[in-house]
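Engineer: Here it is: the structure, laid out below.
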Amino acid sequence: MQVTVRLVGVFRIDRFREERRCYPETATVRDIVCELGIPLSLLGIVLINGSHAAIDDQFRDGDTITLLPFIDGG
Amino acid sequence: MKILTTHPAADPAAILYTRGTVDLKSGSIRLEDVPCRNLEDVLGGFGRSFQLLAERRITHAYCEENPLIVNTGLLTGSTAMTGLRTYFSGYSPIKGSKKGLPAAMWATGSGNFGPRFKWTGLDELIFEGRSPEPVYALVRETAEGPAVELKPARHLVGLTSHEKMMALRREYGEGAHVAAIGQAGENWENVYMGAVALSTDNQFKSGEDKMRFAGRGGMGSLMGYKNLLALVAQSSDKMKPTSPEVKAVNLNVVKGGGSARLQPISRGGGGGTWAAYDVLQAFHAVPVNNFRPQGDDLPEKLCREQVEGQVVIRSEACYRCGITCHNNIFEKLEDGSAGRFLAKFDYEPLNLLGTNIGIHDPVQAASLIHLCDNYCMDSISLGVTISYLLSYNERHPGSRLLNGALFGDYENIRELVVMAGTGKLPEIGRGSWRLSESTGETSYAYHVKGLEIPAYQPETNPGYAWAIAGGHMSMGTYGLLTREGKSDMDSWVEGITRTKLQIVGFDMIGLCKFFDITKGICTQMVVDCLKSEFNLEVTTDELAAAVRRSFLRGLALELRQGYEKAEYTLPAEVWERRNPNIRLPEITNQQFLAELQERVWAVFEPELAGLLPEAGA
C-alpha cells in the first residue's frame, strides 16, 4: 500500500520532508522508523492523519504518517 | 552538610545543614548548623526555602522582613551530572494574588556559582533586611569553615551583570564564581522582573557574556531592593573522583534516552532548542504575535535551517556536563567562520523575544536576548509583557501606548528593552498583569496568577493554572497534549495532580531538569547517586512523597497569600477568541476548564491541611 510519510525537524536531515512510499499491508509505524534509520531515542510523536498514534500502530493505504522529534521544554 | 545517618527520611534531624544569616542593615552575620525537619530540608532548594518563607507573613515583596534565601541542593557540587544548581527564593515582586499579596517564588540556574558556593562549606545564606549602601557578599572557604563578609559595591553600580562578574573575577581570581544582578535589579522600583545571573567557566575563559540565569519571579529585583548587587563564592575545586556507580548514572544521562534529543545534531542528537519550534509548528502552536499562531509558516523563519544560513551555531555545555544543550550564536564572517558572540538561543527567549513579538530575523532576536541578559531580566516576563503592549497597539491604532511599537518593529522594540532594563519604563518592567490592569484589557495578557507564561500556547496546557513557580518548569504538563496526545479529562487530572507535578523535584535536589526530564528525580539513578555520594539510603517512594509535599506546600502558600480559586485559570482570550489555527484537540473551553478545576481541587484540597506553620511576623 502507498502512504505519505512526513518528517519534521532533524529527521529531515539527509532524508526528506515528505515522500510517498510503499509498505506491505501488515506494516506498522515502527517499520517506517526502522527503515529510515530514525533513532528511537529521538522519536517523540507519531501522527497518523494528524492524530496521535503509537509506534506499533498499523496504518492504511492512503494514510499520512508524520514523525516528529521529542519536545522537552526549556 | 553534616550527615550522621544513613536514613534521611526516617531520621532527618541527624542531618544538619550549614546556614548563614546576614543582616544587611547591621552587617551582622551568624553561622549555624541547622537540623533538618524532613526529607525536603535534606534535599534542599525550594523544598527547604519554602518552609522558611511559610513561617513569615509578608504583605509586600519590598519590605525588610522579606528574606532572600540563597541555597543549593543536595547534589549541587557533586559528581552527578548537571549538579550545578543554585536556588534563589523569596516573596516575589512580580507574582502576586489579586488581593495584592506577593507569592512565594524560587528561581534557579546552573553555572559554576552553585558548586563553588557549596564547596565553601555553606548550604544556605539568608539575607535579611536591606543594606543602606550597595554591597556584595563574599563567601569564602577558610581553615575554620565558611566565612561570609559584606563588601562595599559602589564601584559595581550601573554595570551589566556580565561586567559585574568580570570585575569581581578579576579581583578574586580563579577560585571565584559570581551571582550578580544587572541594571534591571538595581532599578527594582520600576523593574519587577530582574533576574540573577550566574557565572560560568566558559564566560571567564572567553570573556564572552555566557552567563546562566535564575530568571523567574523577580529574585534579581528583590536582591536589588536589598542593595545586594552580587555574591562571590571563593573556594578550591572540591569535586571528588567519580565513583563507578555515579559514572554509570552519568553515562545513562548522556547516552540514554533522557538527553539524546538535547545533544548536538553532529552527535546524532536532536539539537535542543529547535526541537520545540519544529514540533509545535507541525501543530501551528508556536506562539506568534502575542500567542496568536496564524496557521502559516512564519515561525519557520527562526527554525534551525534558516538561522544556520545567517549565523554560526556552536553547541556548548555547562561545566563538566556531557549534555551539550547550549546553542550559542555567533556572527558569521565572510569566510563562514565565527565572529562575535551574539547570544545563547534557548527556546523561550528565542520565541518570546523573536517570533512572538514579530521578529523573524535571528540577528535581531539575538540582539534583544543579549540586551535582556545583560540588563539581567527574565526573558519570559519581558517578552510576554512586550508582546502584550504590541498587541494593544495593534488593536488601538489611534491611541498607541509608550513609543507606539508594533509587531516586528525592531528599533522601537529594542528601545523598549533598553528603557525597561534601565528602569525608565515601569509599564514594561512591572509585567503584563499590571500593564493590562492599567489598560483595562486583561483577556490577552498572557500571564497566569500574575506571572507570564512561557512559550507554549495555553491552549495546549491548562496545567499552567497549577504551576507554582512559572508556567512550564513547575508543572510538567506542557507536553501532555502535544507530545502525548492526551485530551481526555482523566489524563489531565492525573497529570496535574500526580505525575507531572513531580518535575519540581529538580528544584530541590540540585540537578538540572535535563538530567531526566521525563522521569523526574524519583528514580533509581538518583537513589544510586545519593547512596554513592553520601551513603544515604532513600527509596524512590520517599523521594516522591517529599517532592509532593513540597509542591503542595507551595500551593498552600499561594492560597494563604490570597489567591482565589478563580485565579487558577488561563488568559481569557483562549476561550473568548478561540484560535482555529491550532491543529490540536480543544481542551481549554470553559466547560473543560471548569470540570478540570473541580476535579483537581478535589484531589489537592484534602492534602493541603497542616502543611504550613503558623506565620509569625
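Yes/no matrix, rows are residues, columns are (1) touching a residue at least 60 places away in the same chain (Cβ under 8 Å); (2) hydrophobic (A, V, I, L, M, F, W, C); (3) crowded, with 17+ Cβ neighbours inside 10 Å:
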site: B:Pro8; (1), (2), (3): yes, no, yes
site: B:Asp11; (1), (2), (3): no, no, no
site: B:Ile15; (1), (2), (3): no, yes, yes
site: B:Cys36; (1), (2), (3): no, yes, yes
site: B:Leu52; (1), (2), (3): yes, yes, yes
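Engineer: Taking segment B:407-422, which residues are in contact (Cβ under 8 Å) with a residue 12 or more places away in the chain, part of a helix (DSSP H, G or I) and farther than 15 Å from B:Asn289 by Cβ?
Structural biologist: To start, the set of residues in segment B:407-422 that are in contact (Cβ under 8 Å) with a residue 12 or more places away in the chain comprises B:407-410, B:413-418, B:420-422.
With part of a helix (DSSP H, G or I) added as a condition, the list becomes B:410, B:413-418, B:420-421.
B:Arg414, B:Glu415, B:Leu416, B:Val417, B:Val418, B:Ala420, B:Gly421 - these are the residues of segment B:407-422 that are in contact (Cβ under 8 Å) with a residue 12 or more places away in the chain, part of a helix (DSSP H, G or I) and farther than 15 Å from B:Asn289 by Cβ.
Engineer: If B:Gln281 passes every condition in (1) buried (at least 16 other Cβ atoms within 10 Å of the Cβ); (2) touching a residue at least 40 places away in the same chain (Cβ under 8 Å); (3) not small (Gly, Ala, Ser) but one, which one does it miss?
Structural biologist: Among (1) buried (at least 16 other Cβ atoms within 10 Å of the Cβ); (2) touching a residue at least 40 places away in the same chain (Cβ under 8 Å); (3) not small (Gly, Ala, Ser), B:Gln281 violates only (2).
Engineer: Quick check on this structure: which one of B:Ala107, B:Ala184, B:Ala103 is under 24 Å from the mean Cα position of the chain (by Cα), assigned to a strand (DSSP E or B), at pLDDT 95 or above and more than 16 Å from B:Val70 (Cβ to Cβ)?
Structural biologist: Details: B:Ala107 fails: more than 16 Å from B:Val70 (Cβ to Cβ); B:Ala184 fails: assigned to a strand (DSSP E or B).
On inspection, the qualifying residue turns out to be B:Ala103.
Engineer: With the requirement that a residue be farther than 17 Å from B:Ser221 by Cβ and part of a helix (DSSP H, G or I), what does segment B:384-398 give you?
Structural biologist: B:Ile386, B:Ser387, B:Tyr388, B:Leu389, B:Leu390, B:Ser391, B:Tyr392, B:Asn393, B:Glu394, B:Arg395
Engineer: Of all residues in segment B:577-611 being assigned to a helix (DSSP H, G or I) and of a type in the set (Val, Ile, Thr), which is surrounded by the fewest Cβ atoms within 10 Å (Cβ to Cβ)?
Structural biologist: Looking at residues that are assigned to a helix (DSSP H, G or I) and of a type in the set (Val, Ile, Thr), I get B:Val603.
Engineer: Listed residues B:Ala465, B:Ala545; which is out of contact with any Phe, Trp or Tyr (no Cβ under 9 Å at 6 or more places or on another chain), surrounded by fewer than 24 Cβ atoms within 10 Å (Cβ to Cβ) and more than 14 Å from chain A (Cβ to nearest Cβ)?
Structural biologist: Numbers: B:Ala465 fails: out of contact with any Phe, Trp or Tyr (no Cβ under 9 Å at 6 or more places or on another chain).
Result of the check over B:Ala465, B:Ala545: B:Ala545.
Engineer: Right, another one. So which helices (runs of 4 or more DSSP H) are wholly in segment B:225-304 and hold at least 3 residues that are more than 14 Å from chain A (Cβ to nearest Cβ) and farther than 30 Å from B:Tyr91 by Cβ?
Structural biologist: The helices (runs of 4 or more DSSP H) meeting that bar are B:244-255.
Engineer: Just to be sure I understand, how many residues within segment B:423-476 are modelled with pLDDT of 95 or more, out of contact with any strand residue (DSSP E or B) (no Cβ under 7 Å at 6 or more places or on another chain) and part of a helix (DSSP H, G or I)?
Structural biologist: Qualifying residue count for the region: 16.
Engineer: Something else about it: Have a look at B:Arg140, B:Arg130 and point out the one that is in contact (Cβ under 8 Å) with a residue 24 or more places away in the chain and assigned to a loop (DSSP other than H, G, I, E, B).
Structural biologist: B:Arg130
Engineer: How many of the residues in segment B:475-488 are more than 8 Å from chain A (Cβ to nearest Cβ) and within 19 Å of B:Leu352 (Cα to Cα)?
Structural biologist: The qualifying residues number 0.
Engineer: Restricting attention to segment B:339-365, which residues are part of a helix (DSSP H, G or I) and either free of Cβ contacts under 8 Å to residues at least 60 places away in the same chain or more than 14 Å from chain A (Cβ to nearest Cβ) (or both)?
Structural biologist: B:Pro349, B:Thr355, B:Asn356, B:Ile357, B:Pro362, B:Val363, B:Gln364, B:Ala365
Engineer: Condition first: surrounded by fewer than 19 Cβ atoms within 10 Å (Cβ to Cβ) and within 14 Å of chain A (Cβ to nearest Cβ). Can you find one or more residues in segment B:212-223 that meet it?
Structural biologist: no
Engineer: Just checking, which of B:Asp516, B:Asp528 is within 14 Å of chain A (Cβ to nearest Cβ), in contact with a helix residue (DSSP H, G or I) (Cβ under 8 Å, 6 or more places away or on another chain) and acidic (Asp, Glu)? If you could, list the steps in order and put the result at the bottom.
Structural biologist: Details: B:Asp528 fails: within 14 Å of chain A (Cβ to nearest Cβ).
Result: B:Asp516 is the single residue among B:Asp516, B:Asp528 that is within 14 Å of chain A (Cβ to nearest Cβ), in contact with a helix residue (DSSP H, G or I) (Cβ under 8 Å, 6 or more places away or on another chain) and acidic (Asp, Glu).
Engineer: Considering only residues that are assigned to a helix (DSSP H, G or I), within 14 Å of another protein chain (Cβ to nearest Cβ) and among the aliphatic types (A, V, I, L, M), which ones fall in segment B:492-513?
Structural biologist: Within segment B:492-513, B:Ile503, B:Val504 qualify.
Engineer: B:Gly322 versus (1) away from every other protein chain (no Cβ under 14 Å); (2) over 30 Å from A:Gly37 (Cβ atoms); (3) touching a helix residue (DSSP H, G or I) at 6+ places or on another chain (Cβ under 7 Å): which is the lone unmet condition?
Structural biologist: Result: B:Gly322 fails condition (2) only.
Engineer: From B:Gly616, B:Gly554, which residue is at pLDDT below 95 and more than 25 Å from B:Arg483 (Cα to Cα)? Quick ask: steps written out before the conclusion?
Structural biologist: Values: B:Gly554 fails: at pLDDT below 95.
Only one candidate passes the filter, namely B:Gly616.
Engineer: State all residues of segment A:12-33 that are more than 14 Å from every other protein chain (Cβ to nearest Cβ) and within 10 Å of the chain's Cα centre (by Cα); if no residue qualifies, say none.
Structural biologist: If the condition is that a residue be more than 14 Å from every other protein chain (Cβ to nearest Cβ) and within 10 Å of the chain's Cα centre (by Cα), then A:Thr28, A:Arg30, A:Asp31, A:Ile32, A:Val33 are the ones that fit.
Engineer: Assuming B:Ser391 fulfils every condition listed in (1) touching a residue at least 40 places away in the same chain (Cβ under 8 Å); (2) within 14 Å of chain A (Cβ to nearest Cβ); (3) over 23 Å from the mean Cα position of the chain (by Cα) apart from one, which condition is it?
Structural biologist: (2)
Engineer: Moving on. At pLDDT 95 or above and either surrounded by 21 or more Cβ atoms within 10 Å (Cβ to Cβ) or over 30 Å from B:Glu64 (Cα atoms) (or both): is that true of B:Leu228 in this structure?
Structural biologist: Yes; evaluated as a whole, the condition is true for this residue.
Engineer: Tell me whether segment A:40-58 contains one or more residues that are in contact (Cβ under 8 Å) with a residue 24 or more places away in the chain and more than 14 Å from every other protein chain (Cβ to nearest Cβ).
Structural biologist: For segment A:40-58, residues in contact (Cβ under 8 Å) with a residue 24 or more places away in the chain and more than 14 Å from every other protein chain (Cβ to nearest Cβ): present.
The values are calculated or read from the model by the stated rules, or taken from the named source; none is laboratory data. Note that the structure is predicted; figures quoted are calculated from it, not measured. Positions of Cβ are backbone-derived with ideal geometry, glycine not excepted, and every protein chain shown enters the neighbour counts.
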